[in-house]
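Colleague: Below you'll find the structure I mean.
The values are calculated or read from the model by the stated rules, or taken from the named source; none is laboratory data. Keep in mind that what you see is a predicted model, and the values were worked out from it rather than measured. For neighbour counting, all protein chains shown are included, and Cβ atoms are generated from backbone atoms with ideal geometry for every residue, glycine included. To get the accessible areas, we keep the full protein, side chains included, count just its heavy atoms, and leave off ligands, DNA and RNA. Shrake-Rupley method; radii C 1.70, N 1.55, O 1.52, S 1.80 Å.
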Amino acid sequence: MTESEEPRIGVFVCHCGHNIAGTVDVERVAKVAATFPHVVFSTDEMFMCSDSGQQLIRDKIKEHGLNRVVVASCSPRMHEPTFRRVVEEGGLNRYLYEQVNLREHVSWCHMHEPEAATEKAIDLVRMSVARAARLESIPVKTVQVTPRALVVGGGIAGLRAALDIADRGFEVVLVEKRPQLGGHVIHWTHMFPADRSGREVVSPMIDEVMDHDLITVYTDSKVTALDGYIGNFDITIKSNKTGEEHKVKVGAVIVATGFEPFKPIGYYAYEDSPDIMTLAELQEMPPSDELLRPSDGKPAKKLAFIGCVGSREPGVKGHEHCSRYCCSAVAKAASDLKDRVDEVVVLYQDVRTYGRGHEEIHRLAREKRVIFSKYNPDERPEVWVKRGKITMRWRDVLADDLLEFKPDILVLASAMVPPEDVEEIAKIFSLTRSSDGFFNPEHIKLAPLTTHTAGIMIAGVAQAAKNASETVVDASGAAAKAAALLARGEVEIESTVASVNPDVCSSCHTCITACPYGAMSIDESHDPPVAHVTEAKCHGCGTCAAGCPSGAITMLHSTDDQILSMVEALLMPAQMSGGEAR
Amino acid sequence: MTVKEASTGGLEQPETPSALVIGGGVAGMQAALDIANQGYHVYLVEKSPSIGGHMAMLDKTFPTLDCSACILTPRLSEVAHHPNIDLLTYSEVKRVAGKVGKFHVEIVRRARYIDEDACSGCGECEKVCPVEVPSEFDEGLGFRKATYMPFPQATPHVYTIDKRGHAACRLACPTGVNTQAFIRLIQVGDFKRALDIVRDAMPFPGTLGRVCVHWCEGDCRRGNYDESVSIRNLHRFLADWEREKGETEEVTAEITKKDKVAIVGAGPAGIACAYHLARMGYPVTVFEKRSEPGGLMRYAIPEYRLPRDILREEIERVEKMGVEFVFNTEVESLDWLKEQGFKAIFISTGASESRKLGIPGEDAKGVYHAIDFLDAVARGEKVKIGKRVGVIGGGDAAIDSARVALRLGAEEVTLIYRRSQVELPAIPSEVEDARQEGVRFMMMTAPTKLITQKGELKGLQCIRMKLGKKDLSGRRRPVPIPDSEFTVALDTLIVAIGQKVPSLKLLEHVARTEWGTVVVDPLTLQTSVSGVFAGGDVVLGPSTAVKAVGHGKEAAISIDRYLRGEDLAEGRNGQLYRPAEPDVDEATFEPQKRHVMPKARIAERKRSFEEVELGFSEEEAIEEAGRCLGCTVCCECKLCVDACDRQAINHDMKDEEIELDVGAIVVATGYKIFDVSEYGRLGYGKYPNVINALEFERLINASGPTRGHLIRPSDGKEPRNIAFIQCVGARDTQKGVPDCGRICCMYGIKNAVMAREHNPEAQVTVYYADIRAFGKGFEEFYQMAKTRFGINFVRGRVGEVWEAPDSHDLSLFVEQTERDQPMMVSHDLVVLSPGVVPSPDTARLAEELGIELGQDGFVAVKDEIAAPVDTGVPGIFVCGCASGPKDIPDSVTAGSAAAMHATLVLSQIASESGQPVEVVRHQKTTSA
């Protein structure tokens, strides 16, 4: 497609079943669109995203010699990739495609005004047709993939991911910030639902990792910098002890940085007695036949648990989420320890023993006469320590009674929260975080392991609170994503990037400061030196173009010309004259 | 292992190692993609017509309220277009052998009767399909056609014809009339096509529509529930309709072939054979000894049952098709026919000679034999009849004779039969008519002597009988009770104890049995002489018109094959099919009696030969047709075949078995929701306004049966006060579901939120035990449901649900655990949130794969913590809900993990064989 070629635009208006057609007169939109300049074909169709809708586009490109395609359907977030692929299959460059959002922007928000909605739909289609006429082909670029993966975090997730990728035949660099591998799990004396210690579970994995020819392990080290882009990341690893730096090139990254057990300072007299501990601390207590009270080493007779400590607190930043693993872990611990003590009381909001077999553990605990008592989150239990003695008082919701209990040991099922350095990690790997403080996946439903940064995966608790079993599943899943990338050998990169016109650039460095991705630099080899874009790093955000005082930077696929044509089409529709009839 | 050569069903043998993924839900799809994206080949087998699983049925997904179909569709498309994935939908894994790295798998690809490659999904077939059944995809709340696509974005985007075996009625019919199809077409008012379908099988819709014994109705599955469909009367209706509308298309002869065929005997068998041969284009000549065609249908069946015009017109139609009739001609030799240039011969000379009683006095004046009697009356001869008439026999001829005698003026007609009412072989409705007209029945009585005076009949001596042991016919043999003789005074006696094959010269040329019937191959109807076929009563002995017509049709097929030099028997192995059973929910089945055919008033008909049965009106016919249960779903009316521009439809398609070799297997067979009707106290299945969560999903879905209008099933009103009941079929050891359903809390909350979205006025209450909002963003969503959407959460078990009969509103008895007192609350819609149980096929498949199941019926994993997607069998992995309830992200993640482990096996194979893995460059655009 050369620029001199006359645009031949096809417009496809989607009913989306009843979603759009229930409000917008799609047939009319299609008819009116047929009269817009350069439109040579216009129609409406039940589901453009369905196979038959896709085939329709391919057929019409051929039949009418279309060189631009406009689909008026839903949000481009969902189907732009679909239709770009379709026009490519039809023989056009993927950037000669334009999408109008008639669903989220029109039918769903103007459900009660069908006529006005239809007018708005026509306006939007007219604007997009005007833009489509000015779209240009942009070459699709591919880069080679370095067949090596970086796994950040040597807990159970990182170990599993590293082993899977290495067993698949690719090199792995595993970086752990602590001196030893095994994460939190290795410290836990028993895991639910299995009757095994964490060490029993992870030790074989650690041995395998250490022995694996394809795995290089950096313990007591941190990733301090990540440069580059999907397929070609440049990693800097720094030893905590020596400060020594290693540079490694990898094609894919798995972030498995896990969590910290929340230190519930200020909750339930946590710091007032050594006999008040977190669930993680309980799990780390050395195994013994009797449960010994830390304060005096005497066997404990009464034991209490409080659930949701630092979890499920509406409005408290970073503590609104459910920590997922604790209910089942408390049920397991309570059930096991009931054999060694006289009384066990568990205070809870909801018992969330959701996993396979977990309800069985909960049931067993109740059968052993563990007392489960529901408290109201708006009226949390009170705990105080007097002369080393713990007293707890709370209102039992079901009995509506104020109860008191004096446990020898009080266990606080504290939240899983992100590790201290999570912000640093987020920055290095360009990850965003959700309200729970953990990293956001690309899509919460269907892409829980990939992120918005292509080539960077997340696994385990780095993504959200979960138990060890779920973490292992995540790890293998993320490994599959990395393996696919490494096996592929090359990868396409985004082409909608900034482009500098060297004739206009005044080399003022504004863009270099503005760019959040480090994609702008000064090309000293040019005479005079001008701004230069490292395309693989550019995310196409446009900050540089907006900041450039000389107007030297153009955003490919979002040129001034393209945007202004849309504004013109909206404000001055009278200037538009009829095109060829359908 | 089979030794036959493996069929790969047209699939190309991939160059890279392959994996098998069983189940095309969201977990299986993800596993397939993640294996395929690593460069290996995947066979994705899905039982239903489309991939997408349960997720495709959902409206919105928690916690982001994304439209489920919208986020799923790109995945469907990705799977369908992936160059490394072979998608085998409507297919099932039958057998698995071998071990890790070398599994040998047999897969049945069920016939979808539509060529996947040719179908464009245009839906023209669906438009013309007359069959509607409840849509599984809409959880039975909406309808789909027999040819259907489960949902608009179904992948592959092709139609499937739902055809389930053979209809009992059709199997019962000797002429093979496609009963279900013509009934369905009557129901939709397409009488013309319906009649065409009857005529495809036989030329006598009007005649047999009156006199057929209708075995079809005996086998009709509706009869198991209330009364069978009035099938015979329905095809009579079609014939009547055509006559009355006068819209008969002109019938023209299309004789295209050269080989002449002779038929001897113009009875039902002969005419049917001529009809089918003429349709095939053969020149046919029918020789008839008598002066009119029709055989016993004409000469023995009384006018009040079969008006002569009806028979005459139907035979004329055959004549117009180019069949030549030669009357008053008795053919005496086969050679003579051959000399006339006939290349094949069909003998259908019947069995019209009345049997004799064989007791003294049978030749007395006043004694008639039924066929001669009926024949004489039918010819219009004057037949002298006395005041007191006796009829001996219990067949149709006996009943006909008795009723004719009444019409000729007899004052008292008594039918004498040696067995009981139960054994009476005549058509029951005829017996009933005779009884109403005043015929007396003297059962368990046999004649012993005719009492005559001067050669004239005066009476009959009879003896009482009792039933003894069963005879060869399976009926209890009547034996005389000693000393029970008595005498009946009679003026006229009609002997109707059956007929036999007369001794004809022609028959001397072919082999016969000791009873004088012609010996034929039961399959091909060929006699001992090649090229000479026989059928009807001459073969069967005295039988029914419909059997004779059926013979005529079969003989025509044989003759065509004979003349074309083909094997006569091939493919006609007389295989017996098990009739299809209809999909009837007995709990909701509403009995409806069959329509009674209107009849002439008894007083009028007693002395008249006018037709007794008056036929159905259009409305009656349509309503009666509506009673058909549609046992086989697709009725093979084949309207779709004509509608399809791409010739994609093939009703003769067969299931296909293919064999594949794969290195690894991923089990992703998913789940089904718990059958909440097991909790009778909650009223599901009993009260229309108690629905389950999946039904609710379809009700609020824009592409669902109500186009997304949340209305309640009883009256279509918008519900104002909705209850959601959680933990139905979860955390209940009594019902065998000890574990948490894991997804129900969140979809319950999501549904509650959506209820408010759809109907902001409505009050929405969720009754729960514990709210288990444990996933990423779930707790936040739960809080939002409480605060922003104002959902009322009540911790408590619902004990029982009652319905107010008039309003269909519901009362709930709730044990509210946060208060002292249980309470009674009212709602106008109750949505039960069922737990999750293994999909029905899991156990069978597990046995085939040799993998273990847990006590909960889900696939057991090797190690809950360390190996959560491995089964006990190396090389077989599990993901999604096959190994226990999971939400979508957990299923997808497990799919990826299972894929990882499967590719470890595949990469091992690849490196051992030194085979380079060709990686397909196929990647979605990465978004910034």
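Colleague: Looking at segment B:793-804, can you tell me whether even one residue there is in contact with a helix residue (DSSP H, G or I) (Cβ under 6 Å, 6 or more places away or on another chain) and open to solvent by 40 Å² or more (accessible area, probe 1.4 Å)? I'd like the intermediate steps shown before the answer.
Modeller: First, pick out the residues of segment B:793-804 that are in contact with a helix residue (DSSP H, G or I) (Cβ under 6 Å, 6 or more places away or on another chain): B:800-801.
Those still in the list that are open to solvent by 40 Å² or more (accessible area, probe 1.4 Å) too: B:800.
Looking for residues that are in contact with a helix residue (DSSP H, G or I) (Cβ under 6 Å, 6 or more places away or on another chain) and open to solvent by 40 Å² or more (accessible area, probe 1.4 Å), one finds at least one in segment B:793-804, hence yes.
Colleague: Output the residue which, of all residues in segment A:184-206 that are open to solvent by less than 30 Å² (accessible area, probe 1.4 Å) and in contact with a helix residue (DSSP H, G or I) (Cβ under 6 Å, 6 or more places away or on another chain), is farthest from the other protein chains (Cβ to nearest Cβ).
Modeller: A:ILE186
Colleague: Another question, then. Given the residues A:SER288, A:SER311, A:SER295, which is the only one that is more than 16 Å from A:PRO264 (Cβ to Cβ), part of a loop (DSSP other than H, G, I, E, B), outside the structural domain of A:GLY183 (by TED's automatic domain parsing) and touching a residue at least 60 places away in the same chain (Cβ under 8 Å)? Step through it out loud before you land on a result.
Modeller: On the way: A:SER288 fails: touching a residue at least 60 places away in the same chain (Cβ under 8 Å); A:SER311 fails: more than 16 Å from A:PRO264 (Cβ to Cβ).
Only one candidate qualifies: A:SER295.
Colleague: Something else now. For segment B:199-213, which residues satisfy the criterion of being surrounded by 23 or more Cβ atoms within 10 Å (Cβ to Cβ) and in contact (Cβ under 8 Å) with a residue 60 or more places away in the chain? Lay out the reasoning, then the answer.
Modeller: Looking only at segment B:199-213, we keep the residues that are surrounded by 23 or more Cβ atoms within 10 Å (Cβ to Cβ), and these are B:201-212.
If the condition is that a residue be surrounded by 23 or more Cβ atoms within 10 Å (Cβ to Cβ) and in contact (Cβ under 8 Å) with a residue 60 or more places away in the chain, then B:ALA201, B:MET202, B:PRO203, B:PHE204, B:PRO205, B:GLY206, B:THR207, B:LEU208, B:ARG210, B:VAL211, B:CYS212 are the ones that fit.
Colleague: Still on this model: Does segment B:339-351 hold any residues that are farther than 17 Å from B:ASP560 by Cα and not small (Gly, Ala, Ser), and which are they?
Modeller: Correct list: B:GLU339, B:GLN340, B:THR349.
Colleague: If you don't mind, there's one more thing I want to ask. Considering only residues that are touching a helix residue (DSSP H, G or I) at 6+ places or on another chain (Cβ under 8 Å) and either over 20 Å from A:VAL316 (Cα atoms) or assigned to a strand (DSSP E or B) (or both), which ones fall in segment A:426-440?
Modeller: Of everything in segment A:426-440, those that are touching a helix residue (DSSP H, G or I) at 6+ places or on another chain (Cβ under 8 Å) and either over 20 Å from A:VAL316 (Cα atoms) or assigned to a strand (DSSP E or B) (or both) turn out to be A:LEU431, A:ARG433, A:PHE439.
Colleague: Would you mention how many residues in segment B:763-792 are away from every other protein chain (no Cβ under 11 Å), hydrophobic (A, V, I, L, M, F, W, C) and surrounded by fewer than 21 Cβ atoms within 10 Å (Cβ to Cβ)?
Modeller: Applying the first criterion (away from every other protein chain (no Cβ under 11 Å)) to segment B:763-792 yields B:763-767, B:785, B:788-792.
The next check asks that each one be hydrophobic (A, V, I, L, M, F, W, C); those that pass are B:764, B:766, B:785, B:789, B:791.
Subset that is surrounded by fewer than 21 Cβ atoms within 10 Å (Cβ to Cβ): B:789.
Qualifying residue count for the region: 1.
Colleague: Here is a further query. Which one of B:ARG164, B:ARG184 is more than 14 Å from chain A (Cβ to nearest Cβ), at pLDDT below 95 and farther than 16 Å from B:ASP240 by Cβ?
Modeller: Details: B:ARG184 fails: at pLDDT below 95.
After applying the criteria, what remains is B:ARG164.
Colleague: Sort out which residues of segment A:103-124 are among the acidic types (Asp, Glu) and either touching a Gly at 6+ places or on another chain (Cβ under 6 Å) or in a helix (DSSP H, G or I) (or both), and write them in order of number.
Modeller: Within segment A:103-124, the subset among the acidic types (Asp, Glu) is A:104, A:113, A:115, A:119, A:123.
Residues satisfying the conditions are A:GLU104, A:GLU115, A:GLU119, A:ASP123.
Colleague: Can I ask one more? Based on this model, can you work out whether B:HIS808 counts as of a type outside the set (Phe, Trp, Tyr) and open to solvent by 30 Å² or more (accessible area, probe 1.4 Å)? Explain how you work it out, then say what you get.
Modeller: Numbers: of a type outside the set (Phe, Trp, Tyr): yes; open to solvent by 30 Å² or more (accessible area, probe 1.4 Å): yes.
So B:HIS808 fits the description; yes.
The rows are residues; the columns are (1) more than 12 Å from every other protein chain (Cβ to nearest Cβ); (2) in contact with a Ser or Thr (Cβ under 8 Å, 6 or more places away or on another chain).
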position	(1), (2)
B:ARG75	no, no
B:VAL96	yes, no
B:VAL105	yes, no
B:THR155	no, yes
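Colleague: In the list B:GLU92, B:GLU46, which residue meets the criterion of being touching a Lys or Arg at 6+ places or on another chain (Cβ under 7 Å), of a type outside the set (Lys, Arg) and closer than 24 Å to B:ALA111 by Cβ?
Modeller: B:GLU92
Colleague: Do the conditions hold for A:ALA479, that is, is it touching a strand residue (DSSP E or B) at 6+ places or on another chain (Cβ under 9 Å), more than 9 Å from chain B (Cβ to nearest Cβ) and outside any loop (DSSP other than H, G, I, E, B)? Give the steps one after another, and end with the answer.
Modeller: Numbers: touching a strand residue (DSSP E or B) at 6+ places or on another chain (Cβ under 9 Å): yes; more than 9 Å from chain B (Cβ to nearest Cβ): no; outside any loop (DSSP other than H, G, I, E, B): yes.
When the stated conditions are applied, A:ALA479 does not pass them.
Colleague: Further question on the same structure: Please work out if B:ALA269 is assigned to a helix (DSSP H, G or I), modelled with pLDDT of 95 or more and closer than 24 Å to B:PHE373 by Cα. Before the answer, list the steps.
Modeller: Working: assigned to a helix (DSSP H, G or I): yes; modelled with pLDDT of 95 or more: yes; closer than 24 Å to B:PHE373 by Cα: yes.
Yes, satisfied.
Colleague: Could you tell me which residue of segment A:71-97 is nearest to the other protein chains (Cβ to nearest Cβ), considering only residues that are open to solvent by 40 Å² or more (accessible area, probe 1.4 Å) and farther than 29 Å from A:GLU119 by Cβ? Before the answer, list the steps.
Modeller: Kept after step one, since they are open to solvent by 40 Å² or more (accessible area, probe 1.4 Å), are these residues of segment A:71-97: A:76-78, A:80-81, A:85, A:88-89, A:91.
Still in the list and also farther than 29 Å from A:GLU119 by Cβ: A:81, A:85, A:88-89, A:91.
Values: A:PRO81: 5, A:ARG85: 8, A:GLU88: 10, A:GLU89: 9, A:GLY91: 16 Å.
Step by step, filter segment A:71-97, then rank; the result is A:PRO81.
Colleague: Here's a follow-up. Before we move on, is A:ALA498 in contact with a helix residue (DSSP H, G or I) (Cβ under 6 Å, 6 or more places away or on another chain), more than 22 Å from A:ALA161 (Cα to Cα) and either touching a residue at least 40 places away in the same chain (Cβ under 8 Å) or more than 8 Å from every other protein chain (Cβ to nearest Cβ) (or both)?
Modeller: Values: in contact with a helix residue (DSSP H, G or I) (Cβ under 6 Å, 6 or more places away or on another chain): yes; more than 22 Å from A:ALA161 (Cα to Cα): yes; either touching a residue at least 40 places away in the same chain (Cβ under 8 Å) or more than 8 Å from every other protein chain (Cβ to nearest Cβ) (or both): yes.
Yes.
Colleague: Is there a residue being outside any loop (DSSP other than H, G, I, E, B), under 18 Å from B:ILE497 (Cα atoms) and among the β-branched types (Val, Ile, Thr) anywhere in segment B:350-373? So that I can check it myself, show each step before the final result.
Modeller: In the first step, residues of segment B:350-373 are kept if they are outside any loop (DSSP other than H, G, I, E, B); the result is B:353-354, B:365, B:367-373.
Remaining after also requiring under 18 Å from B:ILE497 (Cα atoms): B:353-354, B:367-373.
Next, only the ones that are among the β-branched types (Val, Ile, Thr) stay: B:367, B:371.
Yes - at least one qualifying residue is present in segment B:350-373.
Colleague: Here is a further query. Among the numbered conditions (1) over 24 Å from B:ARG731 (Cα atoms); (2) among the aliphatic types (A, V, I, L, M); (3) within 12 Å of another protein chain (Cβ to nearest Cβ); (4) touching a residue at least 60 places away in the same chain (Cβ under 8 Å), tell me where B:ILE909 comes up short.
Modeller: So the condition that B:ILE909 fails would be (3).
Colleague: Here's something else I'd like to know. Can you give me the number of residues within segment A:248-266 that are in contact (Cβ under 8 Å) with a residue 40 or more places away in the chain and surrounded by fewer than 20 Cβ atoms within 10 Å (Cβ to Cβ)? So that I can check it myself, show each step before the final result.
Modeller: Here is the first cut: in segment A:248-266, the ones in contact (Cβ under 8 Å) with a residue 40 or more places away in the chain are A:248-264.
From what's left, surrounded by fewer than 20 Cβ atoms within 10 Å (Cβ to Cβ): A:248-249, A:260, A:263.
Selection size over segment A:248-266: 4.
Colleague: Let me ask you something else. Looking at segment A:44-70, which of its residues are within 14 Å of another protein chain (Cβ to nearest Cβ) and either touching a residue at least 60 places away in the same chain (Cβ under 8 Å) or within 27 Å of the chain's Cα centre (by Cα) (or both)?
Modeller: Kept after step one, since they are within 14 Å of another protein chain (Cβ to nearest Cβ), are these residues of segment A:44-70: A:45-59.
The one that is within 14 Å of another protein chain (Cβ to nearest Cβ) and either touching a residue at least 60 places away in the same chain (Cβ under 8 Å) or within 27 Å of the chain's Cα centre (by Cα) (or both): A:CYS49.
Colleague: Here's a follow-up. Within segment A:211-279, considering only strands (runs of 3 or more DSSP E) that don't extend past its boundaries, which have at least 1 residues that are at pLDDT 95 or above and touching a helix residue (DSSP H, G or I) at 6+ places or on another chain (Cβ under 7 Å)?
Modeller: A:215-218, A:221-229, A:252-255, A:276-278
Residue by residue, here is whether (1) touching a residue at least 60 places away in the same chain (Cβ under 8 Å); (2) open to solvent by 10 Å² or more (accessible area, probe 1.4 Å); (3) under 35 Å from the mean Cα position of the chain (by Cα) holds:
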position	(1), (2), (3)
B:ASP259	yes, yes, no
B:ALA269	yes, no, yes
B:TYR275	yes, no, yes
B:MET280	yes, yes, yes
B:GLU292	no, yes, no
B:ARG312	no, yes, yes
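Colleague: Could you count how many residues in segment A:325-350 are surrounded by fewer than 24 Cβ atoms within 10 Å (Cβ to Cβ), within 14 Å of another protein chain (Cβ to nearest Cβ) and not in a helix (DSSP H, G or I)?
Modeller: Going through segment A:325-350 one residue at a time, the tally reaches 3.
Colleague: Return only the number of the condition from (1) within 12 Å of another protein chain (Cβ to nearest Cβ); (2) outside any strand (DSSP E or B); (3) open to solvent by less than 70 Å² (accessible area, probe 1.4 Å) that A:GLU360 does not satisfy.
Modeller: Condition (3) is where A:GLU360 drops out.
Colleague: What number of residues within segment A:1-49 satisfy the criterion of being in contact with a Pro (Cβ under 6 Å, 6 or more places away or on another chain) and farther than 17 Å from B:GLY708 by Cβ?
Modeller: Final tally of qualifying residues: 1.
Colleague: Among the residues of segment A:421-428, is there at least one that is within 12 Å of chain B (Cβ to nearest Cβ), within 29 Å of A:ALA333 (Cβ to Cβ) and hydrophobic (A, V, I, L, M, F, W, C)? Can you show your working first?
Modeller: From segment A:421-428, those within 12 Å of chain B (Cβ to nearest Cβ) are none; that's our starting set.
No - not one qualifying residue is present in segment A:421-428.
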